[in-house]
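These notes are about the structure you will find just below.
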Protein chains: 2
Amino acid sequence: MKEVKSSFHVSCKNCGLQKVCFPTGLNREDVERLDNIVDRRPPLKKGVHLFQAGDSFNALFAIRAGVIKLYSFTDNGEEIVHGFYLPGDVLGIDALGSRMHQYNAMALDTTSVCTLPFEKLNELSENIPNLSQQILNVISKEVLDGRMHSELLIRRNADQRVAQFIYNMSERHRHRGYAGSEFRLSILHRDVAVYLGLTPETVSRILAKFHADEIVTWKKKEVFIHNMHRLQDVIGMHHECEKQTIDR
Amino acid sequence: MKEVKSSFHVSCKNCGLQKVCFPTGLNREDVERLDNIVDRRPPLKKGVHLFQAGDSFNALFAIRAGVIKLYSFTDNGEEIVHGFYLPGDVLGIDALGSRMHQYNAMALDTTSVCTLPFEKLNELSENIPNLSQQILNVISKEVLDGRMHSELLIRRNADQRVAQFIYNMSERHRHRGYAGSEFRLSILHRDVAVYLGLTPETVSRILAKFHADEIVTWKKKEVFIHNMHRLQDVIGMHHECEKQTIDR
DNA sequence: ACAAAAAATTGATCCAAATCATTTTTTAAA
DNA sequence: TTTAAAAAATGATTTGGATCAATTTTTTGT
């Protein structure tokens with residue numbers, strides 16, 4: 001509580017997420033123009049919804065801090081977790097066609113978001129060519145992430161899924177300038193299990209094994225990767241080409 | 001071979017797919033403007049690629065006739081099938097961000113496509129507001145289809161997956177004005193198995209069962225749905241609300 | 001700080017779908 | 001049309017992860 005929240009601090013041009021978030025590829029001037037349309041509201045408390053299925057769509061959201069779970073339910077009430085959104089990620093793409101949100105977005109921890117009113121964003125993008133490309137990038141990322149998720153579900157066994165999930169989270173933290181081998185992760189094992197198409201029991205057993213094998217420890221929201229090399233081995237990665245596989 | 005292929009016949013405004021394809025929601029005049037930028041080439045023979053991973057992107061493709069399989073490979077060479085594209089479907093969304101195709105698109109049968117040069121499409125969409133919304137619809141559909149695929153992989157058993165696949169194909173044919181209970185499907189069981197995250201043996205056994213139970217017969221590229229009601233029962237659908245679940 | 005609820009862990013058992021093996025059918029090529 | 005190759009079908013066996021059940025740990029709300 002030491003930091004005073006000044007309006008100066010909360011703007012795109014001073015935001016540490018520029019390289020990950022929307023402003024990527026925009027020049028100083030254009031970032032400022034983007035900044036002007038961004039709406040910032042008080043943080044969401046844990047468990048609060050940013051939007052829910054059926055809500056009308058009028059803005060995209062960029063996560064500033066925290067985590068958001070995007071989820072829905074099957075016809076028979078089983079939960080489906082589509083992804084986890086970290087700072088810099090953009091949420092709301094699913095509603096672009098129907099102008100209505102298709103899924104539920106819930107804060108898993110205290111979460112700040114930047115609201116990007118879609119109409120204003122569109123107007124702005126007519127004058128900033130890089131911005132419309134940036135919108136396409138964000139959309140494309142959403143499609144590609146979905147495909148990676150399917151690949152994981154089709155072709156990986158339980159060990160590999162859990163290992164891949166942790167590895168991806170590590171990479172995403174690393175891209176955001178944090179340590180990739182030690183980070184806080186406010187996601188329930190239960191939610192990870194649903195996301196990976198496994199049961200909580202299976203995830204728990206695998207994490208116990210990874211802990212015993214001194215590969216990864218994940219206890220009380222804190223992840224420690226003790227041996228990145230062996231984690232990659234579990235996934236079946238080739239070490240020479242550490243190609244990045246971003247995931248949710 | 002009775003029909004003479006005139007250039008008159010091959011245009012958006014006379015195309016039977018208007019309601020399914022890109023022109024949805026455009027007025028007569030705008031369809032004509034769209035028509036002018038569309039490039040039509042001779043059909044692709046079975047086994048030929050429309051594009052491959054790594055190819056540079058410069059156009060979206062709308063399928064006019066035939067089927068396209070969108071697929072890739074995992075690091076260890078296993079195939080992943082992302083979807084099957086039927087007449088009216090739009091292909092190439094995955095490349096919008098990187099301007100480079102991420103997957104392989106192969107004709108599973110003789111296939112005609114309409115090429116929509118992306119730059120021209122963008123220019124046009126500045127003057128036709130409905131068109132830019134239509135682009136968003138197509139993109140959004142791609143995201144949503146991917147999520148439906150994940151849901152299938154996570155929450156459905158083998159019987160349900162096969163049943164859902166056949167049901168979705170039936171619906172897609174019905175939307176295109178064909179009979180929903182009897183249609184030709186030029187897709188190998190093997191490819192369906194890969195798409196559904198199953199083995200060919202499992203798919204074969206399930207089809208044998210569906211045949212014996214007089215629910216569905218799929219032999220030699222021809223599908224007959226004998227009992228739609230029971231097919232829906234396998235999926236676990238509620239009959240009263242026949243909500244449509246489009247799939248690839 | 002304490003009580004109640006939720007989440008995670010751990011063990012025992014079971015089953016759906018994979019794998020392995022072979023035969024039959026279909027498709028493509030000569 | 002014949003032949004070779006690919007795909008599909010069918011049977012026997014195995015197994016990874018689900019399910020069921022009970023305990024321990026962590027979180028939450030008062």
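Readers should treat all values here as calculations from the given coordinates under stated rules, not as data from a laboratory. Given the structure is predicted, the values throughout are model-derived calculations rather than measurements. Backbone-built Cβ (ideal geometry, glycine too); neighbour counts: all protein chains shown.
Could you work out the local net charge near A:R230, counting Lys and Arg as +1, Asp and Glu as -1, over the other residues with Cβ closer than 10 Å to its Cβ?
Numbers: positive: none; negative: A:D213, A:E214, A:D233.
That works out to -3.
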Query raised in the report: When a footprinting reagent is the concern and you count Cβ atoms within 10 Å, what order do B:K141, B:K45 take, fewest first?
Result: B:K45, B:K141
Report summary line: Inter-copy distances for A:F224, nm, shortest first, label points 7 Å along Cα→Cβ, are 6.6
Query - When each of A:K141/A:K221; A:K19/B:K69; B:K45/B:K219 is checked by Cα-Cα distance, pairs over 29 Å - result: A:K19/B:K69
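Report the full-extension gain for the segment B:N130 to B:D233: residue separation times 0.36 nm, less the Cα-Cα distance, to one decimal in nm. Mind dumping the intermediate values first?
Values: separation 103, 0.36 × 103 = 37.08 nm, distance 3.88 nm.
Stretched fully, the B:N130-B:D233 segment lengthens by 33.2 nm.
With viscosity set to 1.567 mPa s at 4 °C, what whole-number translational diffusion coefficient in µm²/s follows for the range B:7-137 from Stokes-Einstein and a Kirkwood radius over Cα pairs? All intermediate terms of the calculation are to be shown ahead of the outcome.
Working: Rh = 15.2 Å.
In µm²/s, the coefficient rounds to 85.
From the Cα gyration tensor of the range B:156-247, with a ≥ b ≥ c the square roots of its eigenvalues, which class applies: rounded if a/c is under 1.5, or else prolate if a/b is larger than b/c, or else oblate? Kindly include the intermediate steps, with their values, before the conclusion.
On the way: a/c = 1.42, a/b = 1.23, b/c = 1.16.
In terms of gyration-tensor shape, rounded.
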Query raised in the report: Once amide H atoms are built 1.01 Å from N in the peptide plane, which residues 5 or more positions from B:A65, or in another chain, come under 5 Å H to H?
Result: B:S112
Query raised in the report: So, counting K/R as plus one and D/E as minus one, what does the shell of residues with Cβ under 14 Å around A:V203 add up to?
Result: +3
Report summary line: For B:P43, inter-copy label-point distances (7 Å, Cα→Cβ), nm, shortest first, read 6.1
Report summary line: A correct Karplus calculation of ³J(HN,Hα) over the range A:162-171, with 6.51 cos²θ - 1.76 cosθ + 1.60, θ = phi - 60°, whole Hz and x for Gly and Pro, returns 5, 4, 4, 4, 5, 4, 4, 4, 4, 4
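Per residue of A:133-144, what is the mean number of Cβ atoms on other protein chains within 10 angstrom of that residue's Cβ? Don't skip to the end; give the middle numbers.
Values: counts 3, 1, 3, 10, 4, 1, 8, 11, 3, 7, 13, 7.
That works out to 6 on average.
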